[in-house]
Amino acid sequence: MRKPDVLVVYKESAYTRYYYSRQLAGHLKKGNYWKIVQGSHQRHNETLKGVRETLKGLGIGFKLVLRNQIQLLKRVDETYRLVVSVGGDGTLLDSSHHLLKIPILGVNSDPLRSVARFSGCDLGTFSRTLTAYLTGKLKPVLVSRLEFFVNGKRNEWLVLNDLLAATLSPAGTSRYVLKIGAKAEEQMSSGLWISSAAGSTAAIFSAGGRVMPVDSQKFQYVVREIYQKKFGPRRLLGGILPPTQALEVVSRMKEGRIFVDGTNLVAPFKLGDRLRVGVSNFPLKVIGLKKGV
């Protein structure tokens, strides 16, 4: 049997998840939202089917894997020629954590409801985009990622979107010392966002950050809901940093956490732990991504 060249990572639709929860499904069927969920499910399945048929038509061997099962695969970067992500940004984010060198092509499986900033195509343009890449006419865009160290040990997860350093409970106070260059400041807040340029339109933007060109190598930070009464006015509240600089955080929390690209990847950040964040030397190669903002 021919070795597959492409790994196709796909999400499980909300409809599929809800279908097996009878109580939730019964509640949703009373409103219009259920129709929305069904429509999204249908479009997603049609896209996944179209991707499979296109790959078969091009004579490309492939392997299918659910988004939450990719961590069970070994040496993805060495085994496949490229990854095709079918879903939205969440599916591509989960896939990206297993890639160092091979490129990824995101296929937006529901353009009517999904933003999918990282997606290079949808079903209608998938064949054309893939062929352009395979023939060398379309080069991947190098998207800067962040890396982080805890107590000097590098974490295996590369950050495509953002990192949140905060206490365990969203209602709790995050206590830490923030260090940037020669400046250091003790802070109490709702947490600290640290974002790549690619992630600048996500949570950090809602928290007051600035949108950056997706192919920029700079990164930024924003402090959430700073508490200034105890220590007085704080100055290190946000900013854009060059790729040569690092940001450091010392935990003053018993139950601190580091959330990577959402809620699926979480690392402990205990009292006295030292976090160091900077730009990685391994950008993600994204096919079909538009440069600029």
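All of the numbers you see were taken from the coordinates with simple rules; none came from a lab. Please read all numbers here as calculations on a predicted model, not as lab measurements. Neighbour counts run over all protein chains shown; Cβ positions are idealised from the backbone, glycine included.
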Note to self: Per DSSP helix of 4 or more residues, -39500 (n - 2.57); summed, then divided by the residues of the chain. What does that give at 222 nm, rounded to the nearest 500?
What the structure shows: -6500 deg cm²/dmol
Item checked: Shape of the stretch 46-97, Cα gyration tensor, a/c cut at 1.5 -> oblate
Check: What is the distance in Å between the Cα centres of the stretch 138-190 and the stretch 254-293?
Finding: 6
Notebook entry, point to check: Counting other Cβ atoms within 10 Å, which chymotrypsin sites (Phe, Trp or Tyr not before Pro) in the stretch 231-293 have at most 15 and lie in a DSSP loop?
Noted result: Phe231
Margin query: Strictly over 21 Å apart at the Cα level, which of Lys139/Lys291; Lys74/Lys270; Lys179/Lys218; Lys218/Lys290 would you flag in this model?
Written below: Lys74/Lys270
Item checked: the stretch 202-268: GluC sites (Glu not before Pro) in DSSP coil with no more than 12 other Cβ atoms inside 10 Å -> Glu225
Check: Do you know the relative contact order of the chain, to the nearest whole percent, from alpha carbon pairs under 8 angstrom that are 6+ apart?
Finding: 19
Next item on the list: State the antiparallel share, in %, of DSSP beta bridges confined to the chain, rounding to the nearest 5.
Entry: 75
Checklist line | Convex hull projection area averaged over all views, the stretch 146-281, Cα basis, nm² | finding: 7.6
